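Report on one structure; see the data block that follows.
The values are calculated or read from the model by the stated rules, or taken from the named source; none is laboratory data. No experiment lies behind these values; they were computed from the predicted model shown. Backbone-built Cβ (ideal geometry, glycine too); neighbour counts: all protein chains shown. In case anyone asks, the SASA skips ligands and DNA or RNA and just uses the protein heavy atoms, side chains included. Shrake-Rupley method; radii C 1.70, N 1.55, O 1.52, S 1.80 Å.
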Amino acid sequence: MKDINFKNIICFFDDYNGANIYAAINLKPDRMLFISDDSEILKEDYENIKNHLIRKLPGLKVESAVIDKISYDALADIIKSFNIENTAINLSRGNRLLNLMAFKICQEEGYKPIYSDMDDEVIIDLNSKELKPVKRAVQEMKITDLIAGSGGEILQDSSRFYEDERIIEFVEYIIEHYSLWKKLKGILRSNLYIQYSELYPLTVTMNAGMIVDMPQFMPFLKKGSDIGLYKLLKGKHDYIILQFYNMNYKSFVFKAGTWLEVLVYNIVKEIKEVDDVKAGAVFLWDTDQVRLKNEADVLATAGSQLLYISCKDTPNYDENALNELEVYAEKIGGEDAVKILISTVMPSKSTTLLRAEEMGIKILIFQGEKNKLKSQLINIISKCK
């Protein structure tokens, strides 16, 4: 099969534009036009998508057109301003009536109607009776592409920190001594035993005298010191002082669930089917004139499909947590996004599991077995290809 190249792509703007970005990064046109029948939706997300495409494809000219009142003639006038031989019309997204009108114009005038099939990684010629591809996709969608498809952008992420050798070594130590860690993490998050200082933010004091069987936890504390997370000092009376080398290390030790995010991120990164992965990604998008900021624990792509993974080191996740996961995952990755919640314990409400199943959210319970968790994730991710 010989790939067909197009200088121009006409597409229809939607709430989620991943399929339009997918067509652009694979067909690499010189010019791309977004048509919309809703100026408000266009105003919210268009500039972010345009800027992302121009960064991705330097030299690409990105334009927009609004049809205030849908009509065949109005759409035909826009389309006919493009050369027939070098123009493809992407019918993957947008207003269904506009799509149908555009398909009819393609049949009457000779334009090429295409469909971006991100699941099968192909761009299809809709004029073909056998639905032959015009191009086998060679470039898969990255996380930034998927977020751009929703009109959003990544502000920052913690991936580099989660690859810190000291952090990874400490997480491996947690797995090796998981039963003890389950006891210690409760102590680390209790104000009964832990004291913070506003004057010395990198210093944390532990009241060891109040902790039952404190000697059993000392190897954990010594491990953190040995690998360079903090200095371990003995204070007055029965107090132990942890002087951290930076705030990231402090947050890693004391913030609930961060260790689980590090574990999951590094497991996902090892899976061969995964094309892209980020952790602690803070992303921003516009909606109803408001700038919303959200953070995802772990994001990944496999075969241009998004995996949105939420990590919970607590039983306190319920239908609200599931709804939040669903909304953010589908906002970024569209309706095909794979939604996963990984927790260290079963939910406190028995109805949560049933509701998750109804919503298509996969819940995995980590009980200290890294290889088992990796196998479960591989099983899920392999189905994305």
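If you go through the stretch 222-260, how many residues are open to solvent by 40 Å² or more (accessible area, probe 1.4 Å) and of a type outside the set (Val, Ile, Thr)? Counting residues in the stretch 222-260 that are open to solvent by 40 Å² or more (accessible area, probe 1.4 Å) and of a type outside the set (Val, Ile, Thr) gives 19.
For the stretch 314-385, which helices (runs of 4 or more DSSP H) that fit wholly inside it have 1 or more residues that are out of contact with any helix residue (DSSP H, G or I) (no Cβ under 6 Å at 6 or more places or on another chain), among the hydrophobic types (A, V, I, L, M, F, W, C) and within 30 Å of Asn48 (Cα to Cα)? Show your work before the answer.
Details: elements: 319-333, 351-359, 370-381.
By residue number, 319-333, 370-381.
Output the residues belonging to the stretch 299-326 that are under 12 Å from the mean Cα position of the chain (by Cα) and under 22 Å from Tyr22 (Cα atoms). Answer for the stretch 299-326, where residues must be under 12 Å from the mean Cα position of the chain (by Cα) and under 22 Å from Tyr22 (Cα atoms): Leu299, Ala300, Thr301, Ala302, Ser304, Gln305, Leu306, Leu307, Tyr308. In a residue-by-residue description of the stretch 273-280, the property of being of a type in the set (D, E, K, R), within 19 Å of Ile174 (Cβ to Cβ) and over 13 Å from the mean Cα position of the chain (by Cα) applies to no position. Could you grab me the full set of residues in the stretch 356-385 that are crowded, with 17+ Cβ neighbours inside 10 Å and more than 19 Å from Leu260 (Cβ to Cβ)? Hit for the stretch 356-385 is Cys384, nothing else. Considered as a group, the residues in the stretch 60-82 that are of a type in the set (Asp, Glu) and under 35 Å from the mean Cα position of the chain (by Cα) include one that is least open to solvent (accessible area, probe 1.4 Å), and that residue is Glu63.
Evaluate the following for Ala23: is it at pLDDT below 95, out of contact with any helix residue (DSSP H, G or I) (no Cβ under 9 Å at 6 or more places or on another chain), hydrophobic (A, V, I, L, M, F, W, C) and under 22 Å from Thr301 (Cβ atoms)? Criteria met by Ala23. When the stretch 267-313 is filtered for residues that are more than 27 Å from Lys372 (Cα to Cα) and part of a strand (DSSP E or B), the ones remaining, listed by number, are Val282, Phe283, Leu284, Trp285, Asp286, Thr287, Val290, Arg291, Leu292, Lys293, Asn294. For the stretch 104-120, taking the residues that are out of contact with any strand residue (DSSP E or B) (no Cβ under 6 Å at 6 or more places or on another chain) and in contact (Cβ under 8 Å) with a residue 60 or more places away in the chain, the one that is farthest from Phe13 (Cα to Cα) is identified as Asp119.
Select from the stretch 91-136 the residues that are of a type in the set (Lys, Arg), outside any helix (DSSP H, G or I) and within 28 Å of the chain's Cα centre (by Cα) and list them in ascending order.
Pass one, the stretch 91-136, residues of a type in the set (Lys, Arg): 93, 96, 104, 112, 129, 132, 135-136.
With the extra rule that they be outside any helix (DSSP H, G or I), the set shrinks to 93, 112, 129, 132, 135-136.
Result: Arg93, Lys135, Arg136.
Only one of Glu163, Glu130, Glu85, Glu153 is open to solvent by 60 Å² or more (accessible area, probe 1.4 Å), in contact with a helix residue (DSSP H, G or I) (Cβ under 8 Å, 6 or more places away or on another chain) and modelled with pLDDT under 95; which?
Numbers: Glu163 fails: modelled with pLDDT under 95; Glu130 fails: in contact with a helix residue (DSSP H, G or I) (Cβ under 8 Å, 6 or more places away or on another chain); Glu85 fails: in contact with a helix residue (DSSP H, G or I) (Cβ under 8 Å, 6 or more places away or on another chain).
Unique residue meeting the criteria: Glu153.
To keep it simple, each residue is scored yes or no on (1) in a helix (DSSP H, G or I); (2) over 36 Å from the mean Cα position of the chain (by Cα); (3) among the hydrophobic types (A, V, I, L, M, F, W, C).
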| site | (1), (2), (3) |
| --- | --- |
| Trp181 | yes, no, yes |
| Leu184 | yes, no, yes |
| Tyr200 | no, no, no |
| Gly209 | yes, yes, no |
| Val212 | no, yes, yes |
| Lys223 | yes, no, no |
| Leu232 | no, yes, yes |
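Here Ser304 meets the list (1) at positive phi; (2) exposed (fewer than 14 other Cβ atoms within 10 Å of the Cβ) almost entirely, failing just condition (2).
Considering only residues of the stretch 222-253 that are touching a strand residue (DSSP E or B) at 6+ places or on another chain (Cβ under 7 Å) and hydrophobic (A, V, I, L, M, F, W, C), which is farthest from Gly209 (Cα to Cα)? For the stretch 222-253, the residue satisfying everything is Leu229.
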